[in-house]
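Working notes, beginning with the structure itself.
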Amino acid sequence: MTFPHPRPGLTHDNRFFWEGVAQRKLLVQRCAGCRRLQHPPAPMCPSCHGFAEGVRQVRGSAVNQVGGVEHVLVTAGTGVPTSAVILGRA
């Protein structure tokens, strides 16, 4: 038996990430001010509090350490549960 996966809720902040996934690229948000990489994407850098955002393609191997679906928190305006995965370096 298969279960359909809900489509992710697209926002201004995460659209680049999901468009990259469709192209089989791993894109991560990068602050244009302090160059900090952050994921999940957010409108403001938690390090320098800047709003200038950029994107960087990253590569490498990772190991899935933890994963799950949060049914209490839903993606804004979609009613879709939020999925989360924590990766570690391989």
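The values are calculated or read from the model by the stated rules, or taken from the named source; none is laboratory data. Quick caveat: nothing in here was measured; it's all calculated off a predicted structure. A quick note on method: Cβ atoms are made from the backbone with ideal geometry, for glycine too, and the neighbour counts reach across all protein chains shown.
Observations
- Note on segment 13-59: residues that are touching a residue at least 24 places away in the same chain (Cβ under 8 Å) and not aromatic (Phe, Trp, Tyr) amount to 20.
- Segment 30-56, residues that are part of a strand (DSSP E or B) and under 20 Å from residue 88 (Cβ atoms): 37, 38, 56
- Count - residues of segment 57-68 that are outside any strand (DSSP E or B) and not polar (S, T, N, Q): 2
- Note on segment 24-43: residues that are of a type in the set (Val, Ile, Thr) and modelled with pLDDT under 90 total 0.
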